[in-house]
Each structure stands twice: as structure tokens, then as C-alpha cells.
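Below is one structure, written out as C-alpha cells; comments come after it.
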Amino acid sequence: MHGRLLPVADDWYEWRQDDPPLSGVVQVRITVGAGGRLVLTGLRIEGTPSAELLRAIPVGRIEATANAQLSVVDAPLGTTPVVNVRPRPVAPPVAEDVGWEMVGPELAVARAAHAAAGRPRGRPDVFYRDVADVYLTFAQASARPACDLADQHGVPVSTAHRWVKEARRRGFLPPGRPGKSG
């Protein structure tokens, strides 16, 4: 199930989903929760709410989408952080039979030279930004986005989890919640 959040006013967004379509207009309030993660804190339904409509509102999926589509903008001390629409970068198409190329050959250097120059070992930030974007895309439609990430790139799930953990550490993903994707 894919859905989108469309800004309505202040921190309110309209939730739209195609499959299954909702029988009414649903608006949600998204705010910054404990740990910096975006959470649903309000719900508006136009018209008469029915049990069917209430059951069809995917609260967890809405929060995952919020954390994929929106970003928190730091505010001055003592004020409430602001939630803004995150620009979604357009990833270049990747051929199915080609690996995930993140660094051009001109950026490749020997590890010894890299460490001697005082730069950390490991992959560059652009790699973890791309991991975060792919992970957030999968999190909108899957309960197991790290498994999907691993399948897509032909790596073990533990490697995908390590990539996601590093993307969170570098600030490209919001803090996680145990047992929840996104």
C-alpha cells in the first residue's frame, strides 16, 4: 500500500492512498515525537466516520511515510521544531544486472592512502544518503524494508541492517523504533 502526505495547513497533512482507497478525506497531524521521530498526533475525518473507514486508516504506514517524506527543521532553543516536506531526490535508473555503483572511479583511492590522509575508512556520505532514500521508499510499502534493500542489492540482510544503522548515525534517517519499519 502506497500513500502520500499532502500539506494542508501548519502541521496538518491530507493522507491519500490508492489501494485500498479511503471512503472519506483523512487529515493527520504530524509532530516531532520522543527521539526525533515524526509521529501522528491528530486525526481529522471529513463527514461521518464509519468503522470501515477507521479500520482502513493505516496509522503505522502514515508514520513511516511521514518519516520518509518529511524532515524536521531545527528551531531555536525553547521553540517547537518545524516539520517540512523533504525534497525527494531522483535516483538514476539502475540496470537490474548491474551492481549498485555509488562512487565514481575518480574517487577511488587505496585504503592506506585514504587513512594516511586522515579521512575515515568506509563508504562516503553519498552512499548512505542513497541507502536512506531506497530504505525510506521500501518502508512506505513494506514491513521489511531492510530485507527488500538486501534483496535488491544482493547482499545479506545483516549488511543491509548495518548500512541502515550507519545511515541513521550519519543523520540521513530518523531514529528507529524497535519492531517498526521506517
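Read-outs throughout are calculated quantities, based only on the coordinates presented, and are distinct from any laboratory measurement. Keep in mind it's a predicted model, so treat the numbers as computed, not measured. So basically every Cβ, Gly included, is an ideal-geometry build from the backbone, and we count neighbours across all protein chains shown.
Sequentially through segment 158-165, phi angles give Karplus couplings (6.51, -1.76, 1.60; θ = phi - 60°) of 4, 5, 4, 4, 5, 4, 5, 4 Hz, Gly and Pro residues having no value and appearing as x. Each residue of segment 53-68 was assigned a 3J(HN,Hα) from its phi angle through the Karplus expression (A = 6.51, B = -1.76, C = 1.60, θ = phi - 60°), giving 5, 4, 5, 7, 7, x, 4, x, 5, 5, 5, 4, 5, 4, 6, 8 Hz with x at Gly and Pro. Each residue, R44 and H161, gets one label point 7 Å from its Cα in the Cβ direction; the gap between the two is 4.1 nm.
Distances between placed amide hydrogens fall under 5 Å for L22 paired with Q17, all partners being 5 or more residues away or on another chain. Between E52 and W12, the simple spin-label model (points 7 angstrom out along Cα→Cβ) gives 2.6 nm.
Near V8, the amide H atoms lying under 5 Å from its own belong to Y13, E14; only residues 5 or more places off or on other chains count, and H is placed 1.01 Å from N. Taking the square roots of five times each eigenvalue of the Cα gyration tensor of segment 1-59, the equivalent ellipsoid has semi-axes of 20, 12, 11 Å, listed largest first.
Charge tally around Y128: other residues with Cβ under 12 Å, Lys/Arg +1 each, Asp/Glu -1 each, net +3. Rounded to the nearest Hz, the phi-derived 3J(HN,Hα) couplings of segment 125-132 under the Karplus curve 6.51 cos²θ - 1.76 cosθ + 1.60 (θ = phi - 60°) are 4, 4, 4, 6, 5, 5, 4, 4, where x marks glycine and proline. The H on the amide N of L38, modeled in the peptide plane, is under 5 Å from the matching H of G33, each at least 5 residues off or on a different chain.
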